[in-house]
Amino acid sequence: MENMYLTDLQKKDINSREEALTYLADRLYTNGDVKGSFKEAIIDRENHFATGLALNQLGVAIPHTDNIHVNHSKIAVMTLQEPVEFYQMGSTTETVSVSMIFMLALKDAHGHLDTLQKLMTFFQDQEALKALLDLEDSDEGHVAAAQLLQEHQIII
């Protein structure tokens with residue numbers, strides 16, 4: 001089940017929302033999970049429908065786009081050493097300092113809502129979020145990230 005996730009933990013040198021989105025979209029494309037149109041579509045959608053959420057002291061973002069840009073379903077998870085600014089969901093002016101990004105590349109159009117609901121439940125578990133944020137960029141860290149997501153039923 002590990003191949004459901006693409007994880008980047010404690011990522012350095014990401015300085016903006018655009019860099020974060022580009023980096024993850026490029027990884028998904030290189031992996032063959034998304035089409036060439038995915039990166040532009042996800043950046044465009046994020047510019048029009050922001051996905052940043054402030055959760056107590058932690059900011060997360062859940063960028064996603066239409067399934068026509070997806071070859072194989074995958075959730076790309078990235079934790080950042082230094083947060084970047086995303087616009088708050090439902091706003092074009094308020095920003096959120098995001099340290100964790102869950103990019104959804106879902107082939108099943110109906111799976112978006114289900115996956116978003118599971119993520120929202122996961123986001124309510126502050127201990128689990130902190131545990132994910134604290135994982136090191138190592139083989140063990142990537143396995144632990146996949147296990148944590150599976151335990152919270154974030155599966156595609």
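The table below gives the values:
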| item | result |
| --- | --- |
| Segment 37-64, subset among the β-branched types (Val, Ile, Thr) and assigned to a loop (DSSP other than H, G, I, E, B), residue nearest to residue 103 (Cα to Cα) | 62 |
| Residue within segment 68-91 that is under 13 Å from residue 154 (Cα atoms), open to solvent by less than 60 Å² (accessible area, probe 1.4 Å) and of a type in the set (Val, Ile, Thr) present | yes |
| In segment 29-47, residue least open to solvent (accessible area, probe 1.4 Å) [restricted to those that are of a type outside the set (A, V, I, L, M, F, W, C) and touching a helix residue (DSSP H, G or I) at 6+ places or on another chain (Cβ under 7 Å)] | 46 |
| Subset of segment 85-99 (residues that are touching a strand residue (DSSP E or B) at 6+ places or on another chain (Cβ under 6 Å) and under 15 Å from residue 46 (Cβ atoms)) | 85, 86, 87, 88, 89, 94, 95, 96, 98 |
| Candidate set: segment 132-150, residues that are polar (S, T, N, Q) and more than 17 Å from residue 11 (Cβ to Cβ); chosen: the one most open to solvent (accessible area, probe 1.4 Å) | 147 |
| Sole exception among (1) in contact with a strand residue (DSSP E or B) (Cβ under 9 Å, 6 or more places away or on another chain); (2) free of Cβ contacts under 8 Å to residues at least 24 places away in the same chain for residue 151, by number | (1) |
| Check on residue 26, in contact with a helix residue (DSSP H, G or I) (Cβ under 8 Å, 6 or more places away or on another chain) and open to solvent by 30 Å² or more (accessible area, probe 1.4 Å) | yes |
| Qualifying residue in segment 95-102 (condition: more than 16 Å from residue 16 (Cα to Cα) and either open to solvent by less than 80 Å² (accessible area, probe 1.4 Å) or touching a helix residue (DSSP H, G or I) at 6+ places or on another chain (Cβ under 6 Å) (or both)) | no |
| Residue in segment 99-113 that is farther than 21 Å from residue 3 by Cα and part of a strand (DSSP E or B) present | yes |
| Qualifying residue in segment 9-32 (condition: at pLDDT below 95 and assigned to a helix (DSSP H, G or I)) | no |
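The values are calculated or read from the model by the stated rules, or taken from the named source; none is laboratory data. In this text the structure is predicted, and so the values were computed from the model without any measurement. Note: ideal-geometry Cβ built from the backbone for every residue, glycine included; neighbour counts use all protein chains shown. Heads up: the accessible areas ignore ligands, DNA and RNA and are worked out on the full protein's heavy atoms, side chains in. Shrake-Rupley method; radii C 1.70, N 1.55, O 1.52, S 1.80 Å.
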